[in-house]
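Asks: Please read through the structure below; I'll follow up with questions.
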Amino acid sequence: MPFETGHLVFYCRAPFSCLILCGELFKRMADLPGYVTACLHSGGLALLAILVSAGIVLQILACALYDNWWPMLTVIMYVLLPMPLMFFVGSGTSSFFSESESSWEDVTKFLTGFSATGSIAIPIILKHADVIGWGALIMELSSLSIFVLAILCFMQMSKESEYSAL
């Protein structure tokens, strides 16, 4: 689907190409007045809040609709996921995606990958053991994908913003 910005036409074919498109739009916002830019950044924060809220709602609905609260085990992994990054790496995301020079960064990457894999594996294992149904599994995995999308959008926004949290 084409997206037109002035004299440029973008085509969103891959899932992450829309994030690149957002980055291009943020670069073109330098010509806009300050109040318009602040309003658009507030809209981005509102989008992040909506995405996180939708993920939480899907997580709770996966449990409440099927009267089975076992899928809430994935919340443990959601809590454990950012812990290694906060404790070992610090506040920079560039070191997480680059070659590591210390063993602490390697441990951080391993523990983060373990937690991310657990977030996907717990609902699948619960379905395999017939503890949850297909509907709860689909809601759990869609909740996870919404959380991942929110994290990717946050990382893109923090790269472009002057008030970077990462």
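The values are calculated or read from the model by the stated rules, or taken from the named source; none is laboratory data. Source: prediction; values computed, not measured. Ideal geometry is used to build each Cβ from the backbone, glycine not excepted, and the neighbour counts take in all protein chains shown. Only protein heavy atoms, including side chains, enter the accessible area calculation; ligands, DNA and RNA are left aside. Shrake-Rupley method; radii C 1.70, N 1.55, O 1.52, S 1.80 Å.
Asks: So, Leu85, is that one modelled with pLDDT of 80 or more and either in a helix (DSSP H, G or I) or exposed (fewer than 13 other Cβ atoms within 10 Å of the Cβ) (or both) or not?
Replies: Numbers: modelled with pLDDT of 80 or more: no; either in a helix (DSSP H, G or I) or exposed (fewer than 13 other Cβ atoms within 10 Å of the Cβ) (or both): yes.
Taking the combined requirement at face value, the residue does not satisfy it.
Asks: Identify all residues within the stretch 112-123 that are touching a helix residue (DSSP H, G or I) at 6+ places or on another chain (Cβ under 7 Å) and open to solvent by 60 Å² or more (accessible area, probe 1.4 Å); write none if there are none.
Replies: Result: Ile120, single match.
Asks: Give me the residue from the stretch 98-111 that is open to solvent by 50 Å² or more (accessible area, probe 1.4 Å) and either of a type in the set (D, E, K, R) or in contact with a helix residue (DSSP H, G or I) (Cβ under 6 Å, 6 or more places away or on another chain) (or both) and, out of that set, modelled with the highest pLDDT. Lay out the reasoning, then the answer.
Replies: First, pick out the residues of the stretch 98-111 that are open to solvent by 50 Å² or more (accessible area, probe 1.4 Å): 98-99, 101, 103-104, 106-107, 109-111.
Then drop every residue that is not either of a type in the set (D, E, K, R) or in contact with a helix residue (DSSP H, G or I) (Cβ under 6 Å, 6 or more places away or on another chain) (or both), which leaves 99, 101, 104, 106, 109, 111.
Working: Glu99: 68, Glu101: 71, Trp104: 78, Asp106: 80, Lys109: 82, Leu111: 85.
Selected residue: Leu111.
Asks: Pairs please, first residue from the stretch 111-136 and free of Cβ contacts under 8 Å to residues at least 12 places away in the same chain, second anywhere and assigned to a loop (DSSP other than H, G, I, E, B), Cβ atoms under 8 Å, 6+ apart in sequence or on different chains.
Replies: Lys127/Gly133
Asks: What about Gly135, is it surrounded by 14 or more Cβ atoms within 10 Å (Cβ to Cβ) and in contact with a Leu (Cβ under 9 Å, 6 or more places away or on another chain)? Show your work before the answer.
Replies: Working: surrounded by 14 or more Cβ atoms within 10 Å (Cβ to Cβ): no; in contact with a Leu (Cβ under 9 Å, 6 or more places away or on another chain): yes.
So Gly135 fails the test.
Yes or no, residue by residue, for (1) in contact with a strand residue (DSSP E or B) (Cβ under 8 Å, 6 or more places away or on another chain); (2) farther than 19 Å from Trp134 by Cβ; (3) at pLDDT 90 or above:
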| position | (1), (2), (3) |
| --- | --- |
| Val52 | no, yes, yes |
| Leu61 | no, no, yes |
| Ala64 | no, no, yes |
| Pro71 | no, no, yes |
| Thr74 | no, no, yes |
| Val79 | no, yes, no |
| Val89 | no, yes, no |
| Thr93 | no, yes, no |
| Phe96 | no, yes, no |
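Asks: What's the number of the only condition in (1) at pLDDT 85 or above; (2) in a helix (DSSP H, G or I) that Cys153 fails to meet?
Replies: (1)
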